[in-house]
Every structure is written in structure tokens, then in C-alpha cells.
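What follows draws every value from the coordinates through simple rules; no lab data is involved. Since we're looking at a predicted model, the values are computed, not measured. Here the Cβ positions follow ideal geometry from the backbone for every residue, glycine too, while neighbour counts run over all protein chains shown.
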Amino acid sequence: AERSVAARVPAASGMSVKRSRALTLRDSGIDGSLMFARDVDFRVTGDIGFMIHDMAATLVPARAGEPIVFDDPTSVVIDVHRGEVTLDSAKLTAIFNRYL
């Protein structure tokens, strides 16, 4: 039963991910995880982040087969499919001061 669950390929809301390598005990062979978020204050690092009102995305590990670590923003790439986010003036100022 566990193998049949592990062999499933995730799909939801018109989005799906594909198996790019063989399924093993420690690796699903899938390069991403589907993420749906609503009304989340998402902080990337320090005072930089944004308010997610509604978003559907695929989270892809920066290194294939490695886990996504939410405390390490360099471990994941967020592939947004659809969504609505906002930045308040403090977060926008922090981005400009630090990166632009």
C-alpha cells in the first residue's frame, strides 16, 4: 500500500508535476511539490517578504533530490503558476535598500 501511494504523481487544480527519475525509498523522483497558500505573511529573509492573498505554485529544490528547507531560502525555487501578492512600504523599502 505504501508503494502505491509513493508511486502517485501529485496533481491538483490543473497543476501537476512529473517524475524525472526513478522512485527510491528516499527520493520520490519528482522535482517539486505543489503549494497552495491563502492569507499568508511570507517572509523570505529578515524584513523582506510579501503578503500572499492567494497563490498556487510549485516548490522545486535547488538541488534535485534534496529536501526543501523553508528556513533556507537558497534550497528552493518557487515557480508561481497564479496568485496575488502585495508588498507593504516597509518591505518594498527593505528590498530597494538591500538589493537595488
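The conditions of being surrounded by 14 or more Cβ atoms within 10 Å (Cβ to Cβ) and not in a strand (DSSP E or B) are not met by I78. When the range 14-62 is filtered for residues that are basic (K, R) and within 16 Å of V76 (Cβ to Cβ), only R43 remains. Only one of the listed residues (T86, T45) is in contact with a helix residue (DSSP H, G or I) (Cβ under 7 Å, 6 or more places away or on another chain), of a type in the set (S, T, Y) and over 18 Å from R8 (Cα atoms). That residue is T45.
Among the residues of the range 45-63, those that are loosely packed, with under 13 Cβ neighbours inside 10 Å and either in contact (Cβ under 8 Å) with a residue 24 or more places away in the chain or closer than 13 Å to V80 by Cα (or both) comprise T45, G46. Scanning the range 21-46 for residues that are assigned to a strand (DSSP E or B) and under 11 Å from the mean Cα position of the chain (by Cα) returns S33, L34, M35, F36, A37.
With respect to (1) within 21 Å of S20 (Cβ to Cβ); (2) under 12 Å from the mean Cα position of the chain (by Cα); (3) not hydrophobic (A, V, I, L, M, F, W, C), the lone exception for G65 is condition (2). In a strand (DSSP E or B) and not small (G, A, S): does that describe V60? Yes: the conditions hold for V60.
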